[in-house]
Amino acid sequence: MKNTALTTVHEALGAKMVPFAGFNMPVQYEGVNIEHQTVREDVGVFDVSHMGEFLIEGPHALELVQKVSSNDASKLTVGRAQYAYLPNETGGIVDDMIVYRVKEDTYLLVVNASNIDKDWAHISKYNTMDATMRNLSDDYSLLAIQGPKAVEAMQSLTSVDLSAIKFYHFEIADFAGIDNVIISATGYTGSGGFEIYCKNSEVKQIWNKVFEAGASFNIKPIGLAARDTLRLEMGYCLYGNDIDDTTSPYEAGLGWVTKFTKEFVNHEQLRDHKEKGVNRKLVAFEMDERAIPRGGYEIKDSNQQDLGMVTSGTMSPSMGKGIGMGYVPPIFASVGSKIHIQIRKKLVPATVIKLPFYKK
């Protein structure tokens with residue numbers, strides 16, 4: 001089991017620690033609902049240092065990124081980021097990721113913790129152009145400072161105007177007394193804020209100064225359980241639950257980050273999925289009665305015929321109702337469609353809705 005550079009800090013704060021993607025991670029501190037509400041209303045801090053970071057550099061860096069990424073990285077200017085995925089050779093998804101253009105010929109790929117080795121091997125396989133690749137995952141930490149008060153609470157820690165950093169843009173600047181920190185206006189919560197990339201040796205200083213600066217803004221540490229409820233309320237996919245190696249991006253609603261302006265791994269098959277359609281679609285649904293859908297529950301029609309499976313589900317802390325996502329045939333995928341979730345011995349009705357669940 002790996003630890004992050006902040007594991008002892010979480011333990012001292014009384015966090016409940018659990019194994020996650022090979023790491024010893026804080027799942028909650030005070031409780032999921034309190035932590036969730038903190039991020040929706042104030043500001044919370046996640047240690048997500050388990051995530052993977054790959055640096056791709058040199059004159060052939062863009063060529064390699066374009067080969068392995070679904071999105072068009074040629075559209076990125078320095079200081080901008082984009083969401084994308086790594087297509088595999090069989091029509092599925094190796095992983096989803098964020099691509100940052102750090103310098104003219106330098107790209108940072110941020111990938112999921114459970115997929116670091118798999119992603120590295122996949123990208124390396126396509127590095128026939130000999131771009132320089134560096135796996136920084138073990139040396140870098142990542143803090144997600146999320147919530148509507150994040151800008152105000154953190155402004156005293158940097159000389160950069162945080163309110164001027166647009167969504168999916170970033171600055172490399174001073175932060176909490178450390179130089180050359182990536183301050184990125186990205187996140188997995190839908191409540192705004194920043195993601196801070198720094199070296200492991202720097203993260204304790206940054207963590208401490210972040211909590212000092214945020215003291216009058218009700219800042220709190222937040223665990224992975226609230227990260228999951230927050231992302232689900234926005235309808236953000238979680239790799240391993242909602243998308244995986246067998247999922248077509250066109251089933252998962254990821255056509256918007258699939259750009260056929262260039263050739264990339266398996267683009268022919270994915271263009272086929274786009275043109276001919278797919279046999280199932282990822283939908284978002286709300287329970288019509290008080291009930292909690294969970295991953296793995298069966299989705300059925302009114303005649304108890306199998307439609308698919310719930311991939312993510314929870315009781316929404318913001319709305320106080322059961323919400324979930326899952327795959328169904330396209331005929332059941334339109335907004336307003338009625339489906340049923342098998343919860344133990346009961347078939348509970350639900351309605352397909354338009355994302356996000358949570359609207360500010």
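The values are calculated or read from the model by the stated rules, or taken from the named source; none is laboratory data. This is a predicted model, so every value here is computed, not measured. Note that each Cβ is placed from the backbone with ideal geometry, even for glycine, and that neighbours are counted across all protein chains shown.
Are any of the residues in region 78-90 over 21 Å from the mean Cα position of the chain (by Cα) and farther than 21 Å from Gly193 by Cα? Yes; the residues of region 78-90 include at least one that is over 21 Å from the mean Cα position of the chain (by Cα) and farther than 21 Å from Gly193 by Cα. Just to verify a result, which residue in region 106-160, among those that are within 24 Å of Gln205 (Cβ to Cβ) and of a type in the set (S, T, N, Q), is surrounded by the most Cβ atoms within 10 Å (Cβ to Cβ)? Among those residues, the one meeting the criterion is Gln146. Any idea which residue in region 204-248 is nearest to Met309 (Cα to Cα), counting only those that are in a strand (DSSP E or B) and not assigned by TED's automatic domain parsing to the domain that holds Lys149? Filtering region 204-248 for residues that are in a strand (DSSP E or B) and not assigned by TED's automatic domain parsing to the domain that holds Lys149, the one nearest to Met309 (Cα to Cα) comes out as Ile243.
Output the number of residues of region 332-341 satisfying the condition of being part of a strand (DSSP E or B) and surrounded by fewer than 17 Cβ atoms within 10 Å (Cβ to Cβ). Please lay out each step first, then the result.
Initial filter on region 332-341 (part of a strand (DSSP E or B)): 338-341.
So of that shortlist, the ones also surrounded by fewer than 17 Cβ atoms within 10 Å (Cβ to Cβ) come out as 338.
Looking only at that region, the number is 1.
Residues of region 117-137 that are in contact (Cβ under 8 Å) with a residue 12 or more places away in the chain and either assigned to a loop (DSSP other than H, G, I, E, B) or at positive phi (or both): Tyr126, Asn127, Met129, Asp130, Ala131, Leu136, Ser137. Quick check, is Ile172 surrounded by 23 or more Cβ atoms within 10 Å (Cβ to Cβ) and not in a loop (DSSP other than H, G, I, E, B)? When the stated conditions are applied, Ile172 does not pass them.
Hey, among the residues in region 307-317 that are of a type in the set (Gly, Ala, Ser) and either part of a strand (DSSP E or B) or more than 19 Å from the chain's Cα centre (by Cα) (or both), which one's surrounded by the most Cβ atoms within 10 Å (Cβ to Cβ)? Step through it out loud before you land on a result.
Step one: filter region 307-317 for residues of a type in the set (Gly, Ala, Ser), giving 308, 312-313, 316.
Subsequent filtering for residues that are either part of a strand (DSSP E or B) or more than 19 Å from the chain's Cα centre (by Cα) (or both) retains 308, 312-313.
On the way: Gly308: 18, Ser312: 23, Gly313: 25.
Among those residues, the one meeting the criterion is Gly313.
Given the structure, is Asn180 under 16 Å from Leu55 (Cα atoms), surrounded by fewer than 23 Cβ atoms within 10 Å (Cβ to Cβ) and either in contact with a Gly (Cβ under 7 Å, 6 or more places away or on another chain) or outside the structural domain of Val111 (by TED's automatic domain parsing) (or both)? Show your work before the answer.
Values: under 16 Å from Leu55 (Cα atoms): yes; surrounded by fewer than 23 Cβ atoms within 10 Å (Cβ to Cβ): yes; either in contact with a Gly (Cβ under 7 Å, 6 or more places away or on another chain) or outside the structural domain of Val111 (by TED's automatic domain parsing) (or both): yes.
When the stated conditions are applied, Asn180 passes them.
Identify, please: which residue in region 318-331 is small (Gly, Ala, Ser) and assigned to a strand (DSSP E or B) and is, among those, farthest from Asp42 (Cα to Cα)? The qualifying residue farthest from Asp42 (Cα to Cα) is Gly326.
Among the residues of region 182-196, those identified as in a strand (DSSP E or B) and closer than 18 Å to Gly223 by Cα are Gly193, Phe194, Glu195, Ile196.
Take residues that are farther than 22 Å from His169 by Cβ and out of contact with any helix residue (DSSP H, G or I) (no Cβ under 9 Å at 6 or more places or on another chain) and tell me which of the helices (runs of 4 or more DSSP H) falling wholly in region 1-116 contain 3 or more. Give the steps one after another, and end with the answer.
Values: elements: 7-12, 32-41, 61-68.
Fully inside region 1-116 and qualifying: 7-12.
Within region 232-291, which residues are under 22 Å from the mean Cα position of the chain (by Cα) and among the basic types (Lys, Arg)? Of everything in region 232-291, those that are under 22 Å from the mean Cα position of the chain (by Cα) and among the basic types (Lys, Arg) turn out to be Lys259, Lys281.
Residues of region 342-360 being part of a strand (DSSP E or B) and surrounded by 11 or more Cβ atoms within 10 Å (Cβ to Cβ), which ones? Reasoning before the result, please.
First, the residues of region 342-360 that are part of a strand (DSSP E or B): 342-343, 346-353.
The answer is Gln342, Ile343, Leu347, Val348, Pro349, Ala350, Thr351, Val352, Ile353.
Can you tell me which residues in region 108-148 are among the aliphatic types (A, V, I, L, M) and farther than 23 Å from Val78 by Cα? Result: Ala113, Ile116, Ala121. Evaluating Ser201 against the criteria (1) under 25 Å from Leu13 (Cα atoms); (2) outside any helix (DSSP H, G or I) leaves one unmet condition, (2).
Considering region 62-80 alone, what residues qualify as being of a type outside the set (S, T, N, Q) and surrounded by fewer than 23 Cβ atoms within 10 Å (Cβ to Cβ)?
Leu62, Glu63, Lys67, Asp72, Lys75, Leu76, Val78, Gly79, Arg80
Specify the residue that is farthest from Ser318 (Cα to Cα); the eligible residues are those in region 158-169 that are assigned to a loop (DSSP other than H, G, I, E, B) and over 21 Å from the mean Cα position of the chain (by Cα). Write out each step before concluding.
Here is the first cut: in region 158-169, the residues assigned to a loop (DSSP other than H, G, I, E, B) are 158-161, 165-168.
Going one step further and asking which of them are over 21 Å from the mean Cα position of the chain (by Cα), we end up with 158-161.
Numbers: Thr158: 32, Ser159: 34, Val160: 32, Asp161: 30 Å.
Looking at residues that are assigned to a loop (DSSP other than H, G, I, E, B) and over 21 Å from the mean Cα position of the chain (by Cα), I get Ser159.
Against the list (1) more than 17 Å from Asp95 (Cβ to Cβ); (2) surrounded by fewer than 20 Cβ atoms within 10 Å (Cβ to Cβ); (3) over 17 Å from the mean Cα position of the chain (by Cα), the condition Asp228 fails is (3). Scanning for something surrounded by fewer than 21 Cβ atoms within 10 Å (Cβ to Cβ), in a strand (DSSP E or B) and free of Cβ contacts under 8 Å to residues at least 40 places away in the same chain, does region 284-306 turn up at least one residue? Yes, that holds for at least one residue.
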